[in-house]
1. What about residue 42, is it at pLDDT below 95, more than 15 Å from residue 17 (Cβ to Cβ) and within 17 Å of the chain's Cα centre (by Cα)?
2. What number goes with the only condition from (1) assigned to a helix (DSSP H, G or I); (2) surrounded by 11 or more Cβ atoms within 10 Å (Cβ to Cβ); (3) modelled with pLDDT under 95 that residue 72 does not pass?
3. Being touching a helix residue (DSSP H, G or I) at 6+ places or on another chain (Cβ under 8 Å) and either within 14 Å of residue 10 (Cα to Cα) or outside any loop (DSSP other than H, G, I, E, B) (or both) is the filter here, so list the residues in the stretch 23-32 that pass it.
């Protein structure tokens, strides 16, 4: 459903911007809990959108390092961020 995706991505983008700005990682879960009380479907889509946007951000940060000519060690395969650039 387009509306579900639009709302989910909009919430996730705004939440991620605020997380980056404030450094408060609890924002993601607080938003999820709040919307989940009314719509578990929206909550699930929001959390998926957050994972995608966070992965995109990690990829873009790595591309910036490559462009800057930084020495980038080979990352171990992990579900944990290797280097988030201090964010």
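1. No; evaluated as a whole, the condition is false for this residue.
2. (1)
3. Of everything in the stretch 23-32, those that are touching a helix residue (DSSP H, G or I) at 6+ places or on another chain (Cβ under 8 Å) and either within 14 Å of residue 10 (Cα to Cα) or outside any loop (DSSP other than H, G, I, E, B) (or both) turn out to be 27, 28, 31, 32.
The values are calculated or read from the model by the stated rules, or taken from the named source; none is laboratory data. What you see is a predicted model, and the numbers here were worked out from it, not measured in a lab. Heads up, the Cβs are rebuilt from the backbone with ideal geometry, glycines too, and the neighbour counts pull from every protein chain shown.
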